[in-house]
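Participant: Below is the structure I would like to discuss, written out as C-alpha cells.
The values are calculated or read from the model by the stated rules, or taken from the named source; none is laboratory data. Quick caveat, the model's predicted, so the values are computed rather than measured. With ideal geometry, Cβ positions are generated from the backbone for all residues, glycine too; neighbour counts draw on all protein chains shown. Areas reflect the complete protein model, heavy atoms only, side chains present, ligands, DNA and RNA absent. Shrake-Rupley method; radii C 1.70, N 1.55, O 1.52, S 1.80 Å.
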Amino acid sequence: GTVTFEIDNVAQQPVALVGGVASFTATGLSGGDHDIKAHYNGSTNFSVGDGALLQHVNPIATSTTLTLGSATSHFGEQVAVSARVTSAAGTPTGTVIFSIDGVPGPSATLTGNDATATLSGMAIGARSITARYIGADSFATGTSNAGVHTVSQATPSVLVTALPMPSVSGQAVTFSAKVSSPGGTPTGPVVFTIDGAASSPLQLINGEATLARSDLSVGNRW
C-alpha cells in the first residue's frame, strides 16, 4: 500500500511501501519545531495506521561584523555605523539593532548583507557600540564584537557684542556673550573680563549672558 506524510498538517503525495518502508525527503524546512506525521492508508489485509514525530531544525548560523564611521567625535555630532551579516547558506534578511553601552538604539533593515544607521546623543566618554542581528527566515541571531567610540567635549563658539558701540563716558553699555555649539545649547556660567578685571559669573540663559556697565572710562576697553 501507501503512506501519506504530513508536515505541519500539510499532506504530501502518497509514497509506496517497499519492503514495509516508505520514505519521503523534506527540504526547505524553516528553523524551529515541525510536526511530522505518517498515515498508512491501509490495504486489503491491513487497516490504516498513524505515526508521528517532532523534527527540530536548527537556525542557520550567521556572523555579524560592526564597522564604526569614526573612532572619535565631539558631543552632539552624529556617528555613522554599519553592520555586515553573512552566512555560508545564503544572504540573511531582517533587521540589525545598534546598541550604545548595552542600551538598544536605532535599527536598520539589511540591504544585501549590510545595514547602516546613525548614532546621536552619545554622552561624553568611551562608549561601547554593538550590532545585533535579530534573525529572520531561519537565520540565527548574532551579536558583533563591541567597538569603542570616544566622545569628547564640544568646542563652543562665543560671540561678544556691545551696545551701544561706541559709547560716551557714563553711558550704560550692555555686553552680550552668545555661546553656541553643534551639540546643543550650552549652559553654565560666563565671566566677562574688562581690561583684565573679571566680573562675577553670570549664568547662561538660552545660550546667552549679558553684563551692563556704566562706569567705563574714556578710551578703548578690552
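Residue-wise test of (1) surrounded by 12 or more Cβ atoms within 10 Å (Cβ to Cβ); (2) closer than 18 Å to Gly147 by Cα; (3) out of contact with any helix residue (DSSP H, G or I) (no Cβ under 6 Å at 6 or more places or on another chain).
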residue: Thr62; (1), (2), (3): yes, no, yes
residue: Ser70; (1), (2), (3): no, yes, yes
residue: Ala88; (1), (2), (3): no, no, yes
residue: Val103; (1), (2), (3): no, yes, yes
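Participant: Condition first: open to solvent by less than 40 Å² (accessible area, probe 1.4 Å) and either farther than 30 Å from Met122 by Cβ or touching a residue at least 60 places away in the same chain (Cβ under 8 Å) (or both). Now tell me which residues in the range 168-216 satisfy that.
Facilitator: Answer for the range 168-216, where residues must be open to solvent by less than 40 Å² (accessible area, probe 1.4 Å) and either farther than 30 Å from Met122 by Cβ or touching a residue at least 60 places away in the same chain (Cβ under 8 Å) (or both): Val173, Phe175, Ser176, Ser181, Gly183, Gly184, Phe192, Ile194, Ser199, Leu211, Leu216.
Participant: Would you pick out the residues in the range 7-23 that are open to solvent by 80 Å² or more (accessible area, probe 1.4 Å) and assigned to a strand (DSSP E or B)?
Facilitator: If the condition is that a residue be open to solvent by 80 Å² or more (accessible area, probe 1.4 Å) and assigned to a strand (DSSP E or B), then Val10, Val18, Val21 are the ones that fit.
Participant: Oh, and also: When Ala108 is evaluated against the numbered criteria (1) surrounded by fewer than 13 Cβ atoms within 10 Å (Cβ to Cβ); (2) closer than 15 Å to Thr143 by Cα, which criterion, by number, is the only one it fails?
Facilitator: Of (1) surrounded by fewer than 13 Cβ atoms within 10 Å (Cβ to Cβ); (2) closer than 15 Å to Thr143 by Cα, only one is false for Ala108: (1).
Participant: I've got another one for you. Step by step: first the residues of the range 24-41, then only those that are part of a loop (DSSP other than H, G, I, E, B) and closer than 11 Å to Thr4 by Cα, then the one that is least open to solvent (accessible area, probe 1.4 Å). Which residue is that?
Facilitator: In this case the residue turns out to be Asn41.
Participant: Just to be sure I understand the filter: pairs with C-beta atoms under 9 Å, separated by 6 or more residues or on different chains, first member in the range 112-133 and closer than 15 Å to Ser70 by Cβ, second member basic (Lys, Arg). Which pairs pass?
Facilitator: Hits for this filter: Leu119/Arg127.
Participant: Further question on the same structure: Which one of these is among the aliphatic types (A, V, I, L, M), part of a loop (DSSP other than H, G, I, E, B) and either surrounded by 17 or more Cβ atoms within 10 Å (Cβ to Cβ) or touching a Leu at 6+ places or on another chain (Cβ under 7 Å) (or both): Met165, Met122?
Facilitator: Answer to the selection: Met122.
Participant: Which of (1) over 12 Å from the mean Cα position of the chain (by Cα); (2) more than 20 Å from Ser73 (Cβ to Cβ) does Val148 not meet, given it meets every other one?
Facilitator: (2)
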